[in-house]
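Here's the structure we're looking at; comments come further down.
Since every read-out is calculated from the coordinates, none of them should be taken as a lab result. Computed from a prediction, not measured in an experiment: that's the story for all the values here. Here the Cβ positions follow ideal geometry from the backbone for every residue, glycine too, while neighbour counts run over all protein chains shown.
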Amino acid sequence: MLIAWVECQVKPEKRAEFVRTAENFVARLRQVAGCIECNLLMDCEVRGLYTLLSKWEAPGPLRLFLESNEFRALLGTRILLRDPPLVNVDEVLRRVRVSSRGELRLRW
């Protein structure tokens with residue numbers, strides 16, 4: 001699984017416009033083949049900092065998305081941002097769930 005995240009520091013006067021645009025983007029991305037999940041996250045300490053977080057089945061679908069017009073349109077929201085967006089991709093080799101009691105059992 002791959003996790004792609006795009007961190008955006010939005011201009012104060014452009015937050016509402018950015019959130020509307022990002023919500024539409026998230027809704028469309030959830031329909032893209034190979035996308036497992038997509039969410040818009042807001043930082044609770046840094047005002048105006050948003051992260052678009054998406055999970056992908058494999059590199060192929062993610063690569064196609066990163067080369068798509070949809071992704072270029074997201075990067076086009078730069079006029080709403082203080083700085084260019086920061087794009088990262090993490091490869092998850094293993095996923096372990098923690099119980100509600102905080103128990104973590106790892107077996108390598």
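Expressed as a rounded percentage, what relative contact order does segment 2-91 have, with Cα pairs under 8 Å and six or more residues apart?
Numbers: 140 pairs, mean separation 41.7, N = 90.
Once divided by the residue count of segment 2-91, the mean separation gives 46 percent.
Applying 1/(1 + (r/R0)^6) with R0 = 22 Å to the Cβ-Cβ distance of L41 and R101, what FRET efficiency is obtained, to the nearest 0.05?
The computed FRET efficiency comes out at 0.30.
If I take all pairs of Cα atoms in the chain, what percentage of them are more than 16 Å from each other? Walk me through the numbers before you get to the answer.
Numbers: 3571 of 5778 pairs.
For the chain, the fraction of Cα-Cα distances above 16 Å is 62 percent.
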ask   = From the phi of every residue in segment 17-27, what ³J(HN,Hα) in whole Hz does the Karplus formula 6.51 cos²θ - 1.76 cosθ + 1.60 yield, where θ is phi - 60° and glycine or proline is x?
value = 5, 4, 4, 4, 5, 5, 4, 5, 4, 4, 4
key: Virtual spin-label span in nm between E23 and L86, 7 Å along Cα→Cβ   = 2.7 nm
